[in-house]
Structure formats: structure tokens, C-alpha cells
Amino acid sequence: MGSTLYSYLLLKSLYEPTSSFEELARSDPSPLAIFFRYSVWLLLLPPCFALIGGANFGWRIGAAEPLMLDAQSLLVVSVGYFLVLIFGLFSTALISSWMASTYGADANLGKHVALITIVGEPLAIASIVHLFPDVLVNMLVLIPTMIWSMYLLYKGIPIVLSTPPERGMLMASSLVGWLLVAAVSLLGISMALWTLGVGPLLGV
């Protein structure tokens, strides 16, 4: 795989998504190469922004006073955030690759890792809003960005994985369903662990 693909996987995928998808469709990328040369740096952005924002402004939920955590708690939350993002990337890519045979798509894991990375790139860049971790402000920025990411998913699957558009739409919808279930499950697990005392202490 030449450097051309990596140039497309950088910022070009934001304003030339079709070209990026076509370049990816012609390549045979290694999943680990994609991860270490590209994905991991994007995955680092949201936790780093959240760490900086939480340390300087605290977490703001509505009109309540900002929730200020100590440095150790903020670091624990940020590392957990990073690990969850890694799990989300690889679990989604693996499920996408597993679904491929059902929808007549290419099952190359490297392509799936690269595609999911491109789909998540707008969210990673928009996470700069975590520098001011107010829930309302973050929602106003990240919800439209999430819609753009979903558009990239629906547009990219047929091109990258060489499957008819109607099958690509069904496959993308299945992946969106998985992501919704995973997000709700993660919230439930987080609440349960925090209730059991696994997590930052808030009583300071």
C-alpha cells in the first residue's frame, strides 16, 4: 500500500470522501498499519481534549456548578475514554467484516478498519469542543457531526466494499444498530461500575 492512501486517509477524506473511498477500494491495507499510522492519532484527540477541558473548566451539566475532578480522576476517565474508542473501532470493524459475506461485500479487515476510521474522523476532529465540556455545547456540535459521519458510512460501504447500493444501505443500517446497542450498553455498564465504586470519586 503506497503513501497515496494515507494522504487520502488524512484530511482529504473530509472534503473528498468519494475519492478517498475509491482509493481505499483499490488498495489492500493492513489493519495494524492503518491503526498505528492513522487511527490511533485520531482516537487520542477526544480524550486529550476532554482531559484539558475538564482540568480547566470542569464538567458542566445544565445550570449546575461545574464538576471539578482531581488530576488523577481526570486521567483515569481519559484513559478509559481512549480504551473505549479503541474497542469501538475494532469491534465495529470486526462486525462489519463478519457481516460482509451476508451482503456480498469485501471482507478484507484492513478496508473495514480504514472505512470505520474515515467515518469516525469528523467526530474525532469535532471533539475539539471537549475543550469546553458543557453538555449543551457539545451536543450542538457533535449531533450534526454524527449525521455527517452516518452519511459517510452509507456512502462509503458500497464503494469501498464493492457491494450494490441497496445492500450497502442495509449493511450500514445494521452497523448503526450495533453502534446504538453498544452505546446504550456502555452507559449501563459505566453506571453500574461507578455505583460499585469503580471510577473517580465525586465526593470532594
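Quick note: the coordinates plus some simple rules give every number you see, no bench work behind them. Predicted model, so just to flag it, every value in this text is computed and none were measured. Positions of Cβ are backbone-derived with ideal geometry, glycine not excepted, and every protein chain shown enters the neighbour counts.
Which of the listed residues, 139, 51, 14, is farthest toward the dipole's positive end in region 3-195, when Lys, Arg count +1 and Asp, Glu count -1 at the beta-carbon?
It is 14, whose Cα lies furthest towards the positive end.
Run the quick spin-label model on residue 185 and residue 169: label points 7 Å from Cα toward the beta carbon, then report their separation in nm to one decimal.
Here the modelled spin labels are 2.8 nm apart.
How big is the Rg/Rh ratio for region 3-195, C-alpha atoms only, Rh by Kirkwood, two decimals?
1.00
Give, as a single signed number, the net charge of other residues whose beta carbon lies under 15 Å from the beta carbon of residue 66, with Lys and Arg counted +1 and Asp and Glu -1.
Charge balance in the 15 Å sphere: -2.
Take the alpha-carbon centre of region 125-187, take the same for region 17-48, and report the distance between them in whole Å.
Between the Cα centres of region 125-187 and region 17-48 lies a distance of 16 Å.
Evaluate the charge dipole of the chain about its Cα centre and quote only its size in Debye, nearest 20, assuming +1 on the Cβ of each Lys and Arg and -1 on the Cβ of each Asp and Glu.
It works out to roughly 140 debye.
Which of the helices in the chain meet the span-like rule: DSSP H, Cα axial reach of 27 Å or more, Kyte-Doolittle mean at least 0.5? Intermediate results must be reported in sequence, preceding the final value.
On the way: long enough: 71-99 (42 Å, 1.77); 135-160 (35 Å, 1.67); 165-195 (45 Å, 1.29).
Span-like helices in the chain: 71-99, 135-160, 165-195.
Once you place label points 7 Å from the Cα toward the Cβ at residue 137 and residue 22, how far apart are they in nm?
4.0
With the dipole of the chain worked out from charges on the C-beta (+1 for Lys and Arg, -1 for Asp and Glu) around the Cα centre, which of 152, 123, 183 lies farthest toward the positive end?
Toward the positive end, the furthest listed residue is 152.
Add -39500 (n - 2.57) for each DSSP H run of 4 or more in the chain, then divide by its residues: what number comes out at 222 nm, to the nearest 500 deg cm²/dmol?
Only helices count here, giving -23000 deg cm²/dmol.
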